[in-house]
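The values are calculated or read from the model by the stated rules, or taken from the named source; none is laboratory data. Model, not experiment: these values are computed from the prediction. Every residue, glycine among them, receives a Cβ derived from its backbone with ideal geometry; neighbour counts consider all protein chains shown.
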Protein chains: 2
Amino acid sequence: MREEFLNALAAALGPKGLTRDPEAMAPWLSDWRGRYHGAALALASPPGTAEVASVIRLCAAHRVPIVPQGGNTSMVGGATPDSSGNALILSLRRMNRVRNIDAEAGLAVAEAGVILSELHDAAREHGLRFPLSLGAKGSATIGGLCATNAGGTQVLRFGTMRSLVAGLEAVLPDGSVLDSLAALKKDNRGPDLKQLLIGAEGTLGIITAATLQLVPLPEEVVTGWVGLSSPHDALSLLRRLEGEGFAVESFELVPAHSLGLVLAHVPGTRAPLQTAPPWHALIEIAGGHGVRESVEAVLSWALDAGLISDGAIAESEMHAAAFWRIRESISEAERAEGPAVQHDIAVPVAAMPDFMLSAAAEVERAFPGVSAGAFGHLGDGNVHFHVRAPAGAAPDWATTAGKPISAFVYDRIVAVGGSISAEHGIGQMKLDAFARLTDPARLKALASLKAAFDPLGIMNPGKLVPSLASEAAAP
Amino acid sequence: MREEFLNALAAALGPKGLTRDPEAMAPWLSDWRGRYHGAALALASPPGTAEVASVIRLCAAHRVPIVPQGGNTSMVGGATPDSSGNALILSLRRMNRVRNIDAEAGLAVAEAGVILSELHDAAREHGLRFPLSLGAKGSATIGGLCATNAGGTQVLRFGTMRSLVAGLEAVLPDGSVLDSLAALKKDNRGPDLKQLLIGAEGTLGIITAATLQLVPLPEEVVTGWVGLSSPHDALSLLRRLEGEGFAVESFELVPAHSLGLVLAHVPGTRAPLQTAPPWHALIEIAGGHGVRESVEAVLSWALDAGLISDGAIAESEMHAAAFWRIRESISEAERAEGPAVQHDIAVPVAAMPDFMLSAAAEVERAFPGVSAGAFGHLGDGNVHFHVRAPAGAAPDWATTAGKPISAFVYDRIVAVGGSISAEHGIGQMKLDAFARLTDPARLKALASLKAAFDPLGIMNPGKLVPSLASEAAAP
């Protein structure tokens, strides 16, 4: 039976399209952070949409679970198979063609396996940019970015992947191809079906290509760093900038403690300000010529008004890169300092400043010795909330102490109507918390969706959709 | 059985919440254009979300079909019950509270029955606006606007309802309440379930409230009218304006023939230009102080470059209103001239100029004597494509000749990857065309969705979802 399946698969995909070689498969059986390890029957690499459909039909006929993979950069184990060895890894990496760029319309059609940085380059050749970027841009693929509704550093202005996808092509679990690539700005033939696949983590179908919005390259980019006395002042400054009509692309909040860890642990970094305020913000604003002077004027007003205590605007691209390096080294610096439990959370933007302060205080009260802090995308209502181990904790502290701490943090998130996953998704890592903390109506709707589209339960099982079993068995 | 149902309903809703009085029900049994007429068991008007849930549970228990209604302004018979008299009309009009406006966050929470113009007023009191408007704003309700993913005249800049809904509350067909009102900018707990209900025309659940994006009032609005020699030049002008960073809110294309009909049939209108170019565009641009001068500079460049042949900028709000009156009177003027078959269609924006010209020529060739023309939202890739009767046609010409003409037009739309419904939806009017012209994969996905969420088939049956019967009966 299994041999029959593998033979049929080999015939459909050819020698380049299928491997069972342990060495070739090894890199794709663990997640990139080394937290999840699995096994697989084989690794399929179809070259096009029709072959993806063949793979899915064969898997359906033989009840073989499918684990789709792009760049394998999931933060929640979303692309790692379980340990049974029954699953087929479906790599989309060979589908790496930018099918078309229409510069006038500002649209690119990219296959699922196109790497984000390659799309950036292709757009730049047309004087345009794809306005979504993140740390893993050299590995993450368009298919994975769509399937996980990726965020990144420009969400404030351009939204997550969901708002940049103008069209989508996908293979559904029954092997049919849903072709919604045409970028229609208006289309009222029922609900927007492509929205079902965006953020579904491969549990409802396989995204094979997407039509993506491109935007003009900005004439000028102003990168600034300011010192503040509270997250509330940071939010007021952001509102002021937006109210004045600035195109604020990034607004990243950094507490003094995180900055201190970066300066202590990351070679070559230096303090961006002469003073030592308790809070910092890295701000990036795009605009036409003269935007720098306008930003300087607002910051100088903010200084006079006491909204900021200090500020610097990058004098060069290198200077701006140094600011960004600080922001992007926080996780690394925290790891160097000692164990920590990390949370990628969202609450309504207006509630964020209070939440950051009160949740940190509550966690520190409930778990004596730990220190808690948040940094990140304040303007998106999304911060990374880290709880650091008490001094002298064992290296595996996070594994042992992590669960109750995370449960405590997530309970607070739910109490203010927030999300336990702002941008990383659910995958296998947050499945238990998701099941425990989700409104039953929402959970049931998700299970209904799963049962309707994937009645065999072969699409990325064990990810995102909690305890489908009972649901799927129902008539 | 039926009496038992009605008694239970009366008990749940109280005397204000249920009527069977023929006179009270009459206005809600026909669509506003008088094209569809139905009958109903009763009219339920629940005051809140809990009561909507009770109604749905009772209807599910007694297998009573539900036809949800807001302002009853559907263009496709989407809110009119069938003639059986078995259905319950579920009016959301009593749920008319703006629950909250958070001016700083730019968010309003409005119940389903809030009338669009009332939301406009409420936002303006906070110095903000809700940037979606359309002709029926004095009747259309938030619930209906969400359920039909309404468009209107500002889609170019702000998108359709889908992109303005930050949160949603809905009652699903099993009576459970999906509460997604919290406006989280990032939330990666699976696919965005609220997207399922937006544009589903009440076939998957009942929207009871929405959290909506508000934006600042613009400092200045520039309304202009230009003369052009082709739709291609119109698109080039639009691209130029957007490329220069203008906030173009409306770009409405009007052929000379449509303008002529308005001037002939609508009292008090006068030609906006001294010259008589073959094509016209009404343009509205928002901005800060000085935007008028910048727009004038671009138009004067366009005149020199031969992209436009003439142009005028409104000198006052009254002058701007006169421009808009022309645009909004086209349908009325066409009706006064004689019968016509109307189509609300979309194609990718870049394909629109060619489509407008070639489809009109093809229709005129295929149906001798008719004249065809398109006007409307060029920048959205959405125009209203009207085919006017030959001279001397009978008043009911559209009824008799309409079907083959529409089929011909829709076939051309599908051939270029367009949509047979850009903004009006499917309802009952376009159900046959939708079934005939939809990609089977898409149709099956929609049917699966319907079967999963509404297995009893009680939610607005006969609208949007073609031939569900066989699907619903499957296990």
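To keep it simple, each residue is scored yes or no on (1) assigned to a helix (DSSP H, G or I); (2) closer than 20 Å to A:L443 by Cα; (3) within 20 Å of the chain's Cα centre (by Cα).
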| residue | (1), (2), (3) |
| --- | --- |
| A:H384 | no, no, yes |
| A:P390 | no, no, no |
| A:T399 | yes, no, no |
| A:A422 | no, yes, yes |
| A:M429 | no, yes, yes |
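Checked against (1) of a type in the set (D, E, K, R); (2) without any contact (Cβ under 8 Å) to a residue 60 or more places away in the chain; (3) in contact with a helix residue (DSSP H, G or I) (Cβ under 8 Å, 6 or more places away or on another chain), B:D380 passes all but condition (2). If you check B:E284 against the conditions, is it outside any loop (DSSP other than H, G, I, E, B), in contact (Cβ under 8 Å) with a residue 12 or more places away in the chain and surrounded by fewer than 16 Cβ atoms within 10 Å (Cβ to Cβ)? Answer is no for this residue.
Checked against the criterion of being under 23 Å from B:A53 (Cα atoms), within 14 Å of another protein chain (Cβ to nearest Cβ) and not basic (K, R), segment B:153-164 has no qualifying residue. Residues in segment A:20-48 that are of a type in the set (S, T, N, Q) and surrounded by fewer than 19 Cβ atoms within 10 Å (Cβ to Cβ): A:S30 only. Among the residues of segment A:67-86, just one is of a type in the set (A, V, I, L, M, F, W, C) and surrounded by fewer than 24 Cβ atoms within 10 Å (Cβ to Cβ), namely A:M75. Beta carbons closer than 6 Å, at least 6 apart along the sequence or on distinct chains, pair a first residue in segment A:121-137 that is closer than 21 Å to B:G243 by Cβ with a second that is small (G, A, S) and modelled with pLDDT of 95 or more for A:R129/A:A123; A:F130/A:A123. Applying a threshold of 7 Å to beta carbon distances and a minimum spacing of six or more residues, or different chains, the list of pairs starting in segment B:450-464 at a residue that is closer than 10 Å to B:A87 by Cα and ending at one that is modelled with pLDDT of 95 or more and among the basic types (K, R) reads B:I458/B:R63. The test for being under 18 Å from A:G202 (Cα atoms), over 20 Å from the mean Cα position of the chain (by Cα) and modelled with pLDDT of 95 or more does not hold for A:F408. Scanning segment B:106-117 for residues that are within 30 Å of A:L235 (Cβ to Cβ) and either without any contact (Cβ under 8 Å) to a residue 60 or more places away in the chain or part of a loop (DSSP other than H, G, I, E, B) (or both) turns up B:G106, B:V114.
When the criteria are applied in full, A:A333 meets the requirement of being among the hydrophobic types (A, V, I, L, M, F, W, C), within 24 Å of A:V155 (Cβ to Cβ) and either surrounded by fewer than 20 Cβ atoms within 10 Å (Cβ to Cβ) or in contact with a helix residue (DSSP H, G or I) (Cβ under 6 Å, 6 or more places away or on another chain) (or both).
Within segment B:171-182, the set of residues being touching a residue at least 40 places away in the same chain (Cβ under 8 Å), within 7 Å of chain A (Cβ to nearest Cβ) and not in a loop (DSSP other than H, G, I, E, B) comprises B:V177 only.
Kindly indicate whether any position in segment B:183-196 is touching a residue at least 60 places away in the same chain (Cβ under 8 Å) and either more than 7 Å from every other protein chain (Cβ to nearest Cβ) or β-branched (V, I, T) (or both). Looking through segment B:183-196, none of the residues is touching a residue at least 60 places away in the same chain (Cβ under 8 Å) and either more than 7 Å from every other protein chain (Cβ to nearest Cβ) or β-branched (V, I, T) (or both).
For the residues B:R162, B:R189, B:R157, the requirement of being closer than 30 Å to A:S74 by Cα and assigned to a helix (DSSP H, G or I) singles out B:R162. Evaluation of A:P353 against the conditions (1) in contact with a Leu (Cβ under 6 Å, 6 or more places away or on another chain); (2) more than 14 Å from every other protein chain (Cβ to nearest Cβ) shows that the sole unmet condition is (2). Here is a check on your reading of the model: is A:A312 part of a helix (DSSP H, G or I), modelled with pLDDT of 95 or more and more than 14 Å from every other protein chain (Cβ to nearest Cβ)? For A:A312, the condition - part of a helix (DSSP H, G or I), modelled with pLDDT of 95 or more and more than 14 Å from every other protein chain (Cβ to nearest Cβ) - is not met.
Within the option set B:A136, B:A123, B:A108, being crowded, with 24+ Cβ neighbours inside 10 Å and either modelled with pLDDT under 95 or in contact with a Phe, Trp or Tyr (Cβ under 8 Å, 6 or more places away or on another chain) (or both) holds for one residue only, B:A108.
A single entry from B:L204, B:L212, B:L168 fulfils the requirement of being buried (at least 23 other Cβ atoms within 10 Å of the Cβ), assigned to a loop (DSSP other than H, G, I, E, B) and either within 12 Å of chain A (Cβ to nearest Cβ) or at pLDDT 95 or above (or both): B:L204. Among the criteria (1) free of Cβ contacts under 8 Å to residues at least 40 places away in the same chain; (2) loosely packed, with under 13 Cβ neighbours inside 10 Å; (3) assigned to a loop (DSSP other than H, G, I, E, B), the one A:A271 does not fulfil is (2).
Only one of the numbered conditions (1) under 26 Å from B:E423 (Cβ atoms); (2) within 8 Å of another protein chain (Cβ to nearest Cβ); (3) in contact with a helix residue (DSSP H, G or I) (Cβ under 9 Å, 6 or more places away or on another chain) is not met by A:C146, and that is (2).
Every residue, every condition in (1) among the hydroxyl-bearing types (S, T, Y); (2) under 30 Å from A:S448 (Cα atoms); (3) more than 7 Å from chain A (Cβ to nearest Cβ), yes or no:
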site	(1), (2), (3)
B:P348	no, no, no
B:A359	no, no, yes
B:S371	yes, no, yes
B:D396	no, no, yes
B:V416	no, no, yes
B:S421	yes, yes, no
B:R436	no, yes, yes
B:D454	no, yes, yes
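Based on what the data block shows, is B:D380 acidic (D, E), within 14 Å of chain A (Cβ to nearest Cβ) and surrounded by 15 or more Cβ atoms within 10 Å (Cβ to Cβ)? Considered against the rule, which asks whether it is acidic (D, E), within 14 Å of chain A (Cβ to nearest Cβ) and surrounded by 15 or more Cβ atoms within 10 Å (Cβ to Cβ), B:D380 comes out as yes. Exactly one residue out of B:L259, B:L228, B:L217 is crowded, with 23+ Cβ neighbours inside 10 Å and within 25 Å of the chain's Cα centre (by Cα): that is B:L259.
Within segment B:14-36, the set of residues being of a type in the set (K, R) and in contact with a strand residue (DSSP E or B) (Cβ under 9 Å, 6 or more places away or on another chain) comprises just one member, B:R20.
Residue check: B:T223 meets all listed conditions (1) of a type outside the set (A, V, I, L, M, F, W, C); (2) under 28 Å from A:E219 (Cβ atoms); (3) surrounded by fewer than 23 Cβ atoms within 10 Å (Cβ to Cβ) but one, namely (3).
Here is a yes/no grid of residues against (1) assigned by TED's automatic domain parsing to the domain that holds A:H343; (2) of a type in the set (F, W, Y); (3) crowded, with 19+ Cβ neighbours inside 10 Å; (4) out of contact with any strand residue (DSSP E or B) (no Cβ under 9 Å at 6 or more places or on another chain):
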site	(1), (2), (3), (4)
A:A389	yes, no, yes, no
A:P404	yes, no, no, yes
A:A407	yes, no, no, yes
A:S421	no, no, yes, no
A:I426	no, no, yes, yes
A:F434	no, yes, yes, yes
A:L437	no, no, no, yes
A:A445	no, no, yes, no
